[in-house]
Amino acid sequence: MSQELSVLLVEDDLPMQLGCLQALQLAGLTVDAVESAEAARPRLTAGFPGVVVTDMRLPGADGLSLVRHCHELEPELPVIMITGHGDVSLAVEAMRSGAYDFIPKPFSPEVLVEVVRRALDKRALTLEVVALREALARKEGGTARLIGRSPQMVAVRQLVARVASARADVLIRGETGTGKELVAQALHDLSGRKGPLVALNCGGLPDNLLDSELFGHEAGAFTGAAKRRIGKIEHAHHGTLFLDELESMPMGVQIKLLRVLQDRVVERLGSNAQVAVDCRVVAATKDDLLQKAQDGSFRSDLYYRLNVVTIDLPPLRERREDIPLLLEHFLLLAASRYGLPQPVVSAAQLRALMAHHWPGNVRELRNVADCLVLGVPSEVLGDGEVPAAATMLSLAETVEDFERSLIREALGRHGGSITRAAQALRVPKTTLADKVRKYGLQVGG
């Protein structure tokens, strides 16, 4: 928990206020106390570094109004409500209004401290996520969501930044779960386009519905078409149209899409009128479209029309050095989302993650992070419990220990040669030399 976090206690009953104040201070927490909601409000801002504990019944505005004020200010700000006997209905209303938890009177100091600590843990995680996102945004702008220090991901971010503002359509290639939609979002965010990002999974709809979803239809165009419907292409006017699983698009729809790409006009089903559209198309596929074009299962003219700019996303098994950073990011997000403390990952668990083949790629790693936070079994790590934080190294220390052992083993296999070890580990020789010096490892002559 961050030392900067504090508790704002709102209680007009001075003996009760003093008791709560002492209990929290004895637990090592920083507390500020006021006697009314009116006195509390000026101290609260979005990003408030702490939590609020308030009595339900206060002079002037009551605790419920303060809960609502905090929720409007920032929905993630935890507010704990202290309720009197018989105020269960008000407590329920407080929870509906966004309260984090409530404590019925009478309560012990231990109960108060436990609930406040949990709320502070949640607050710390929320603020860490915000800080991480802001830091990434300052550093890399719209490509911040494309996490990774590997050469492959550095190249992807550079290419996205270079082509985002161009009018050219883009084809993204990558296995399931590699983050193709995140790349599409980054391209859209950096494009400067004022319209929306409109996404459609071409494999998620029957052929007839896909046609209608893309191009729209007029009333009476087919049975059940009671009124006009604007298709995804029109909806993406001045924005970006993201077509996922392009390889599953039927031939007939491919022909119509090719015309849209060439002429930038669309005809709704049941209409002869042409509607001009200005949208950038970003398509994604997990298959080799060139091979499919050569065997006749995908139109070659559509492939070459989309293949002006191609972004290849590496599978996670080819950028294993990004696993610790991605895991830390997903653990932080999951802990904040579920309101639970971020677990500590053991060296054995990290070794298992680094050695895993990752058929589901980054999406699979995110699921593992969710399981770790929830304390439930995962297919990758089994049902082993996460070790207690007090007995484990930090994630950064664990990563360094694992990296040190990998480099030591590679040097041993190659007679201490940095050149051959660098080739085996697939890292630049200068990078490996820096790490050898950092860890004080022995090399050959």
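Taking Cα atoms, how many degrees apart are the long axis of helix 151-163 and the longest axis of the chain, rounded to 10 and kept between 0 and 90?
70
At a Cα cut-off below 16 Å, give the lysines reachable from K227, other chains included and same-chain residues fewer than 8 away excluded.
Those lysines meeting the cut-off do not exist here.
Within the set of other residues whose C-beta is less than 13 Å from the C-beta of E11, count the net charge using Lys and Arg as +1 and Asp and Glu as -1.
-4
Sorting D101, D207, D12 by accessible area (1.4 Å probe), largest first, what list results?
D207, D12, D101
Which value at 222 nm does the chain reach when only helices count, each DSSP H run of 4 or more adding -39,500 (n - 2.57), with the total divided by all residues and rounded to the nearest 500 deg cm²/dmol?
-14500 deg cm²/dmol
Roughly how tilted is helix 251-263, in degrees to the nearest 10 and between 0 and 90, from the longest Cα axis of the chain?
Helix 251-263 sits roughly 90 degrees off the main axis of the chain.
Using the Cα gyration tensor of the range 234-360, with a ≥ b ≥ c the square roots of its eigenvalues, what is the shape: rounded (a/c below 1.5), prolate (a/b larger than b/c) or oblate (neither)?
prolate
Rolling a 1.4 angstrom probe over the protein heavy atoms, how many square angstrom per residue are accessible across the chain?
49
Computed over the Cα atoms, what is the radius of gyration of the range 94-245 divided by 2.2 N^0.38 Å, N being its residue count?
1.55
Kindly report, to the nearest 10 Å², the accessible surface of E175 as traced by a 1.4 Å probe over protein heavy atoms only.
60
Distance in nm between label sites at L374 and K438, each 7 Å beyond Cα in the beta-carbon direction?
3.5
Could you tell me which of the pairs K232/K292; K292/K429; K286/K435; K180/K438; K122/K232; K256/K286 are separated by over 30 angstrom between their Cα atoms in the structure shown?
Exceeds cut-off: K292/K429; K286/K435; K180/K438; K122/K232.
What angle, in degrees between 0 and 90 and rounded to the nearest 10, separates the Cα long axis of helix 180-191 from the longest principal axis of the Cα atoms of the chain?
Once rounded, the angle reads 90 degrees.
For the range 125-278, which whole-number percentage of the solvent-accessible area (1.4 Å probe, protein heavy atoms only) is attributable to carbon and sulfur atoms?
Here it works out to 52 percent.
The values are calculated or read from the model by the stated rules, or taken from the named source; none is laboratory data. As the structure is a prediction and not an experimental result, all values here were calculated from the model. In this analysis, Cβ positions are derived from the backbone assuming ideal geometry, glycine residues included, and neighbour counts consider all displayed protein chains. Keep in mind that these areas ignore ligands, DNA and RNA; they rest on the heavy atoms of the full protein, side chains included. Shrake-Rupley method; radii C 1.70, N 1.55, O 1.52, S 1.80 Å.
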